[in-house]
Amino acid sequence: MSIAHVYKRDHINTDEIIPARYLNTDNAAELATHCMEDLDTEFVKKCKPGDCIVAGDDFGCGSSREHAVWALQGAKVGAVIAKNFARIFYRNCINCGFYPVELANATEVIKDGDEIEIDYKKGIINNKTQKKEIAFKPLPDFAIEIIDDGGLLNNIKNKK
Amino acid sequence: MSMTITEKILAASAGKNKVEPGDVIDAKIDCIMCHDVTTPAAISMLKAKAVDTVFDSEKIVVTPDHFQPAKDIKSAELHKRLDDWAKEKKIKNYYPIGKAGVCHALLPEQGHIRPGEVIIGGDSHTCTYGAFAAFSTGIGSTDLAAAIATGKLWFRVPASMKFVLNGKLSTGVYSKDVILEAIAKIGTDGARYKAMEFVGPALKEMSMEARMTITNMAIEAGGKNGIIGFDDITKQYLDEHLKDKKEYTVYQSDPDAKYESVLEIDCTKLEPMVAFPHLPSGGKPISDCAGLKMNQSYIGSCTNGRIEDLRIAAAIMKGRKVAIRTIVVPATPEIWKQAMDEGLFDVFYSAGCVLSAPTCGACLGGFMGILAAGEKCVSTTNRNFVGRMGSPKSEVYLASPATAAASAIEGKLADCRKYMK
Ligand code: SF4
C-alpha cells in the first residue's frame with residue numbers, strides 16, 4: 001500500500017528536500033530524519049515505507065546534491081510523481097535506482113491521502129481511492145535497466 | 001551542417017562529426033571538479049563496488065570548500081576522507097586547506113579550465129566554466145563516481161537558447177544584474193535541460209570574472225550549461241592563468257546554427273536588480289524595492305567573491321561605515337592575498353565588516369554567517385531558496401557586490417549608484 005503525500009507546489013528544491021546544514025554526512029538513515037524538513041516538518045512522521053510524494057513543476061531544482069535522493073530513499077519514499085523534474089535531480093534518481101515519475105497533471109489527478117500503486121514498466125498509476133488508472137510515459141529502457149540494477153554503479157559493474 | 005558551440009564540443013567529445021539536440025552521446029571527460037560535500041560519497045561508492053580506480057589522476061581537481069576549515073566533527077570526517085583519497089590516488093591537482101578555495105573561483109584562477117573541453121563537477125554551479133567556451137555541467141555523486149572511474153559520462157545533447165546582451169552596462173549595473181534580469185524573464189525552469197548561450201556587444205566590456213557571474217547562474221534557470229564564446233578577453237585570461245597545458249581548441253557557433261529561442265536584453269536600460277525570496281527569478285529593479293530593511297550583507301561565493309567583486313564593494317565602502325553585520329569572504333587564497341595587498345582589507349575593517357577565510361560558508365547555510373528566524377540578508381550569492389542561509393524563516397535577497405555594499409551602509413536595500421560618481 002502506498003499513500004500519496006501531495007504538495008501542490010512548483011520548484012520544490014533540493015534545499016527543502018534536504019537542507020544544506022545537514023550535508024556534513026552522506027549517511028542515508030541520518031539524512032532521512034531531516035527529509036523534506038524545510039517544507040513540511042511533519043513529513044518524516046507521516047511517511048510510511050513505500051509512500052509517494054506528488055508535486056508540481058520542476059521538482060528537485062537547485063543543488064546537485066544526491067543527498068536529496070538518499071534522504072528520500074532513507075525515508076523509504078517509494079517514488080516521486082511530479083509534473084516534471086529538474087535535470088540533475090532526475091539523473092541522480094535514476095543513478096540511485098529511484099523512480100522519478102513524470103505526470104503532467106500529477107497534483108490534479110492524485111489527492112493527498114489517495115492510495116496508489118505504480119507499474120513503472122507499463123507506465124500506469126492505479127489510483128485505488130478514486131478507482132482510476134492513469135497512464136504516464138515510462139522511462140526509456142536504458143534508465144529502467146539502471147534502476148533494476150539498483151543504480152548506475154551496479155549497472156556499470158554488471159556490464160563489465 | 002551548422003551547429004552551436006555546445007553541440008560542437010559535445011560532438012568532438014564523443015568522436016562524432018555531428019550531433020543534434022536529443023542525441024544521447026558518450027562524452028570523454030577532460031576535467032573533473034571534486035569538493036568536500038559530494039566527493040566523499042562518490043569515493044565510498046567506488047570502494048564499495050570495488051571499482052576503486054581513477055581514470056586519470058591529472059584530470060581531477062580536488063578542493064575542500066563548502067565546510068572548510070571544518071565547521072564541526074562531521075565535516076572534519078568528510079575532509080579526512082577526501083584528503084586520504086586524494087593522497088592515495090596521487091591526485092596531482094589537490095588544493096588542501098591553505099590552498100583551498102571556493103571551487104568555481106579556484107579552478108579557472110589556477111589554470112584548470114580550457115576552451116573546448118568537457119568539464120564536470122559534483123556541484124550544480126559547475127556551469128560557471130562555460131564562460132571559457134567550454135561545456136561544463138554539474139552532476140551528482142554517482143555520476144561523479146562513474147566519471148572518476150571511467151573518464152566518460154553519457155549526456156543528452158541539449159537544445160540551445162540564445163541570450164543576446166545588447167547595449168552597454170551603465171554605471172552601477174553589473175553582469176549580476178544582467179543574469180538576474182534574464183532569470184526573472186524566463187523563470188527558474190525557463191532553460192531546463194537547455195544550453196544557455198550568451199552573445200552580444202555588452203559581453204565585450206565584461207571581464208572573465210564578470211562573465212563567470214553570468215554562466216554561474218545558468219543552473220538557476222534550470223540550464224544544463226551556460227556558455228560564452230571565445231574572444232580576446234578569454235585569450236588574455238588564459239594566457240595569464242594556464243600553467244602546464246597551454247593548448248586548447250576553440251569552437252564557435254555557426255552563424256546559421258539553430259536555437260530554440262532567442263531572448264534580447266537591452267543592458268543600457270537595466271537597473272541594479274535584487275532577487276526577492278524565495279527564488280532566484282524574483283528579480284526587481286532597485287527603484288522598486290530600495291528601503292527594505294536588512295539584517296546582514298554577505299559579499300562572497302562562486303558568483304561574486306572574486307577580486308573584481310571585492311574591489312567594487314570596497315570602492316563603495318571606502319570612508320564609510322556599515323550599518324548592519326557585513327561579512328566579506330574572498331573566494332580563494334590568491335584573491336585573499338590580492339585584496340590584502342591592494343589595501344581592501346583596511347577598507348573593510350574600517351567600515352566595520354568581518355573578513356573570513358575562503359569558504360562557501362554561509363552561502364549554503366553551512367556556517368560563518370547563518371541567519372536567525374525573521375532575518376533578512378542581502379547577498380551576492382546565487383540562491384535564495386527557503387532556509388538557504390540559515391533558518392527556514394529567514395530571507396535572502398540576491399544582488400551585485402555594489403548593491404550589497406550600498407545596502408550594508410544603509411542597513412536596507414539601497415541604490416549603489418548614489419555612491420558612484
Ligand atoms: S559558493 Fe555557494 S553556490 Fe558556490 S559552490 Fe559554494 S555553496 Fe555552492
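Quick notes on this structure:
- Test: B:ALA50 is on the phi > 0 side of the Ramachandran plot and either in contact with a strand residue (DSSP E or B) (Cβ under 9 Å, 6 or more places away or on another chain) or open to solvent by 10 Å² or more (accessible area, probe 1.4 Å) (or both): yes
- One residue alone among B:VAL329, B:VAL347 is of a type in the set (Val, Ile, Thr), modelled with pLDDT of 95 or more, within 16 Å of the ligand (Cβ to nearest atom) and buried (at least 20 other Cβ atoms within 10 Å of the Cβ), and that residue is B:VAL329.
- For the stretch A:39-60, a tally of residues being open to solvent by 10 Å² or more (accessible area, probe 1.4 Å) and either within 10 Å of chain B (Cβ to nearest Cβ) or among the β-branched types (Val, Ile, Thr) (or both) returns 4.
- There is at least one residue in the stretch B:37-44 that is at pLDDT 95 or above, within 16 Å of the ligand (Cβ to nearest atom) and part of a loop (DSSP other than H, G, I, E, B).
- Residue match in the stretch A:113-129 (condition: within 20 Å of B:ASP189 (Cα to Cα) and either of a type in the set (D, E, K, R) or crowded, with 17+ Cβ neighbours inside 10 Å (or both)): no
- Single match in B:ILE32, B:ILE91 (criterion: of a type in the set (Val, Ile, Thr), open to solvent by less than 10 Å² (accessible area, probe 1.4 Å) and not assigned by TED's automatic domain parsing to the domain that holds B:MET368): B:ILE32
- Filter pass, B:ALA372 being open to solvent by less than 10 Å² (accessible area, probe 1.4 Å) and in contact with a strand residue (DSSP E or B) (Cβ under 9 Å, 6 or more places away or on another chain): no
- Checked against the criterion of being closer than 30 Å to B:ALA195 by Cα, more than 11 Å from the chain's Cα centre (by Cα), in a helix (DSSP H, G or I) and within 13 Å of another protein chain (Cβ to nearest Cβ), the candidates A:ARG9, A:ARG91 yield just one match: A:ARG91.
- Answer from B:SER281, B:SER301 - the residue that is within 16 Å of the ligand (Cβ to nearest atom) and within 14 Å of another protein chain (Cβ to nearest Cβ): B:SER301
- Pairs, first on the phi > 0 side of the Ramachandran plot and modelled with pLDDT under 95 in the stretch B:105-132, second open to solvent by 10 Å² or more (accessible area, probe 1.4 Å) and near the ligand (Cβ under 10 Å from one of its atoms), C-beta under 9 Å, six or more apart: none
- Tally of residues being within 13 Å of the ligand (Cβ to nearest atom) and either in contact with a strand residue (DSSP E or B) (Cβ under 7 Å, 6 or more places away or on another chain) or of a type in the set (A, V, I, L, M) (or both) across the stretch B:357-369: 5
- Long-range neighbours under 8 Å by Cβ, at least six apart or interchain, first residue without any contact (Cβ under 8 Å) to a residue 40 or more places away in the chain within the stretch B:302-317, second within 15 Å of the ligand (Cβ to nearest atom): none
- A:GLU102 being under 15 Å from the mean Cα position of the chain (by Cα), open to solvent by 60 Å² or more (accessible area, probe 1.4 Å) and more than 19 Å from A:LYS76 (Cβ to Cβ): yes
- With respect to being open to solvent by 10 Å² or more (accessible area, probe 1.4 Å) and away from the ligand (no atom under 16 Å from the Cβ), B:PRO115 falls outside the description.
- Among the residues listed as A:ALA71, A:ALA79, the single one being surrounded by fewer than 24 Cβ atoms within 10 Å (Cβ to Cβ), away from the ligand (no atom under 16 Å from the Cβ) and more than 10 Å from chain B (Cβ to nearest Cβ): A:ALA79
- Selection within the stretch B:162-205: residues that are open to solvent by 30 Å² or more (accessible area, probe 1.4 Å), out of contact with any strand residue (DSSP E or B) (no Cβ under 7 Å at 6 or more places or on another chain) and away from chain A (no Cβ under 14 Å). The member of this set that is nearest to B:THR381 (Cα to Cα) is B:TYR174.
- Of the residues making up the stretch B:370-383, those that are within 12 Å of the ligand (Cβ to nearest atom) and touching a helix residue (DSSP H, G or I) at 6+ places or on another chain (Cβ under 6 Å) are B:THR380, B:THR381, B:ASN382.
- Checked against (1) touching a strand residue (DSSP E or B) at 6+ places or on another chain (Cβ under 6 Å); (2) within 16 Å of the ligand (Cβ to nearest atom), B:LEU310 passes all but a single condition, namely (1).
- Qualifying residue in the stretch B:57-78 (condition: touching a Cys at 6+ places or on another chain (Cβ under 6 Å) and either open to solvent by 50 Å² or more (accessible area, probe 1.4 Å) or acidic (Asp, Glu) (or both)): yes
- Counted residues, the stretch B:332-344 - those being more than 16 Å from the ligand (Cβ to nearest atom) and open to solvent by less than 10 Å² (accessible area, probe 1.4 Å): 1
- Breaking point among (1) modelled with pLDDT under 95; (2) under 20 Å from A:ALA29 (Cβ atoms), for A:ARG87: (2)
The values are calculated or read from the model by the stated rules, or taken from the named source; none is laboratory data. Please read these numbers as outputs of a predicted model, since none were measured by experiment. Note that each Cβ is placed from the backbone with ideal geometry, even for glycine, and that neighbours are counted across all protein chains shown. Accessible surface areas use protein heavy atoms only, side chains included; no ligands, DNA or RNA. Shrake-Rupley method; radii C 1.70, N 1.55, O 1.52, S 1.80 Å.
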